[in-house]
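Worksheet for the structure shown next.
The values are calculated or read from the model by the stated rules, or taken from the named source; none is laboratory data. Given the structure is predicted, the values throughout are model-derived calculations rather than measurements. Ideal geometry is used to build each Cβ from the backbone, glycine not excepted, and the neighbour counts take in all protein chains shown. The area values use the complete protein model at the heavy-atom level, side chains included, leaving out ligands, DNA and RNA. Shrake-Rupley method; radii C 1.70, N 1.55, O 1.52, S 1.80 Å.
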Amino acid sequence: MPQISKALDRIQPSATLAMTGRVNELKAQGIDIIGLSAGEPDFDTPDFVKEAAIKAIRDGETNYTTVDGTAELKAAIAAKFLRDNELTYVPSQISVNSGGKHTLFNALVATLDAGDEVIIPAPYWVSYPDMVNFAGGTPVIIQAGADQNYKITAEQLTAAITPKTKWLILNSPSNPTGAAYSREELKALGDALLPHQQVMVMTDDMYEHIWYASTPFTTIAQVCPDLFDRTLTVNGCSKAYAMTGWRIGYAGGPDWLIGAMRKLQSQSTSNPSSISQAAAVAALNGPQDFLIERNAAFMARRDLVVSMLNDTPGLNCPTPEGAFYVYPDASELMGTRTPKGETISSDEDLINYFLDEARVAAVHGAAFGLSPAFRVSYATSEEILREACTRIQRACAALS
């Protein structure tokens, strides 16, 4: 009989990708489905980025590059970190990878041994615990519900730290909730970490430029300079520049960690696509004004979705401060019955009901570590969002 590794047996397929697959199958059958499950901007990659990629192809930039990024891209990333985050990195402190997920995976696999603990606030991006499990570590989950605006406190963090703690993963703005930590909240978390020298911080800033708060975005190494040598600042081109398929993630961190990630990458994927790297140079160095326009569009969509979901019987939808997701609490709908007499016992029951009866696809909260809730992506037009929320309202009103 075929045998799979124990490491692979410790992980599960991505719930978000699974729902996207279901949506695509139903659409292929001609069924009218509104998909709000994918974490992908609906905007196109900017033309000046595309032109840079075309030029790279025509100029013959189609060979292997340095394992963890070209000198040109590392320079562009260093300039971005300085410009946007007041962080100074040299090329040996920068890693370029095939997407942000690859960056995170490299760092965890390169550093975790059996028994090492990784603190993960919940709700969390679905891949964090599985990556830790694959690498042999132990996820330690801190719950932060809607009553805390989905953000952990310094007191919770302190209580979770043990001598085995190696990492804290911090995602702000958050996937799945859109929650964003303020400078003051980051400072409190940083102060809690300072006495625990063995604990590093992996800060996932992928949604940095999709930001609605009145105060500027900040990242923890910027707010807490004493943690600079213990922080891996992760970002990428996927969300802000609508380059999900180009697969470019990157990070800045201490030399020893970046070197370990480089070593792992040299024996796995090797370099990211040379063409995608050329496009990323253009994205980071080029005009950034379009980000303001796109951000305004996302903010208008957020306001529409939050308003309509909060007008829906049984839902409580906090207002996110970034990203393009909402995470409505569905506690009041647990135990209700559908028109067919089926009981809604979990958030997975609820999203299956939405899919079957309302023809709207979302992702259940259990996949993100906090139930009962569900994630909605509003990275689509206001017209589609209005129709989707109307369908959800009707479906919820039909529950008894």
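General remarks:
- Within the range 208-236, backbone nitrogen closer than 16 Å to the virtual label 7 Å beyond the Cα of residue 184 toward Cβ: 213-218
- Loop sites in the range 68-158: GluC sites (Glu not before Pro), DSSP, at most 16 other Cβ within 10 Å: 86
- Mean separation of Cα pairs under 8 Å and 6 or more residues apart, divided by the residue count, gives the chain a relative contact order of 22 percent.
- Packing-based ranking, highest mean first, of 241-252, 336-347 given that Cβ atoms within 10 Å are counted: 241-252, 336-347
- The range 291-373 gives an Rg/Rh value of 1.02, both radii derived from C-alpha positions and Rh following Kirkwood.
- Mean separation of Cα contacts under 8 Å, 6 or more apart, over the residue count of the range 1-105: relative contact order %: 15 percent
- Accessible surface, per residue, of the chain when the full set of protein chains is kept, probe 1.4 Å, Å²: 41 Å²
- Net charge over other residues, Cβ less than 11 angstrom from the Cβ of residue 32 (K, R count +1; D, E count -1): +2
- Here the Karplus relation 6.51 cos²θ - 1.76 cosθ + 1.60, evaluated at θ = phi - 60°, turns the backbone of the range 287-303 into coupling constants of x, 10, 5, 5, 4, 5, 5, 5, 4, 4, 5, 4, 5, 5, 5, 4, 4 Hz, with x for every Gly and Pro.
- Charge tally around residue 122: other residues with Cβ under 13 Å, Lys/Arg +1 each, Asp/Glu -1 each, net +2.
- For residue 232, the residues 5 or more places off, or on other chains, whose built amide H falls under 5 Å of its own are 201, 202, 203.
- What the pair-distance distribution of the range 1-93 shows, using all Cα-Cα distances binned every 10 Å from zero, is 11, 19, 24, 32, 13, 1 percent.
- Surface share of carbon and sulfur [accessible, 1.4 angstrom probe, percent] for the range 332-400: 43 percent
- Separation of alpha-carbon centers, the range 356-388 and the range 124-162, rounded to whole Å: 23 Å
- Cα centre as origin, Lys/Arg/Asp/Glu Cβ charges: the range 182-296 dipole, Debye: 400 debye
- The mean sequence distance of close C-alpha pairs (under 8 Å, at least 6 residues apart), as a share of the length of the range 133-187, puts its relative contact order at 27 percent.
- Qualifying trypsin sites (Lys or Arg not before Pro) in the range 351-392, where qualification requires a DSSP coil assignment and no more than 14 other C-beta atoms within 10 Å, are lacking entirely.
- Max mean-square fluctuation residue, GNM over the chain, Cα-Cα springs under 10 Å, options 233, 62, 45: 62
- Percent of Cα-Cα distances greater than 33 Å, calculated over the chain: 32 percent
- Where both bridge residues fall in the chain, DSSP classifies roughly 45% of the beta bridges as antiparallel.
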